[in-house]
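Q: Please read through the structure below; I'll follow up with questions.
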Amino acid sequence: MGLKNGLAGAGGVLVTTMNPIFTYVFVHTLQKKLPSIREGIGLLLGLVGGCILLRIWELNLNSLFNSGNIFFLLCAFSWAFLSINSHRAGQNVSPLLYSFYVFAIGTLLDFFIALPHGLENALNAGANFWFHILYLSVISTTFGTTVYFLLLLSWVLELRVRLSF
């Protein structure tokens, strides 16, 4: 919906700029910590950089937040929660199991969102469409996410070993 109704270029900038800012704000809010001056400057620079990439001075503020662009902000918001959740879950759950649960829940959400629009278009799309969907979902996304979590887990374990000596 964001790509159909919103500004796709703005969406890419909104998500990649706001995701780390939202994550930082959520974590520090949960920890009840104020940012240091250096962290505040970093957040401000990130926000200013995103505004420059958006060429905010050329946009009407209403067009930025109207239509489908709010979906991009919601995406960054949910991605921030997923980042926090994956960090906490990575300490207790296998990365493969966590990836499975994330993708299973995402699949169910997508199914229920798509249901009112009819499933017959997807079912009649043909073998080429389904090959690409299978490739994108199973090969690239699952493999990439699993490798990411495995590398993150090995990095955390290596860091713990280094700190213990």
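The values are calculated or read from the model by the stated rules, or taken from the named source; none is laboratory data. These numbers were taken from a predicted model, which means no experiment stands behind them. As a convention, Cβ positions derive from the backbone with ideal geometry for all residues, glycine included, and neighbour counts pool all protein chains shown.
Q: Go through region 92-120 and report how many residues are over 19 Å from T142 (Cα atoms) and in contact with a helix residue (DSSP H, G or I) (Cβ under 8 Å, 6 or more places away or on another chain).
A: 1
Q: Pick from L45, L30, L14, L73: which is at pLDDT below 75 and not assigned by TED's automatic domain parsing to the domain that holds Y148?
A: Exactly one residue qualifies, and that residue is L14.
Q: With the requirement that a residue be loosely packed, with under 12 Cβ neighbours inside 10 Å and not in a loop (DSSP other than H, G, I, E, B), what does region 27-43 give you?
A: Correct list: T29, L30, I37, R38, G40, I41.
Q: Now, a different point. Could you tell me whether G106 is closer than 21 Å to L14 by Cβ, loosely packed, with under 15 Cβ neighbours inside 10 Å and outside the structural domain of P20 (by TED's automatic domain parsing)? Before you say what the answer is, go through the steps one by one.
A: Working: closer than 21 Å to L14 by Cβ: yes; loosely packed, with under 15 Cβ neighbours inside 10 Å: yes; outside the structural domain of P20 (by TED's automatic domain parsing): yes.
Criteria met by G106.
Every residue, every condition in (1) under 22 Å from S154 (Cα atoms); (2) among the β-branched types (V, I, T); (3) at pLDDT 80 or above, yes or no:
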site: A89; (1), (2), (3): yes, no, no
site: L96; (1), (2), (3): yes, no, no
site: A104; (1), (2), (3): no, no, yes
site: D110; (1), (2), (3): no, no, yes
site: L115; (1), (2), (3): no, no, yes
site: L123; (1), (2), (3): no, no, no
site: N128; (1), (2), (3): no, no, yes
site: I133; (1), (2), (3): no, yes, yes
site: V138; (1), (2), (3): no, yes, no
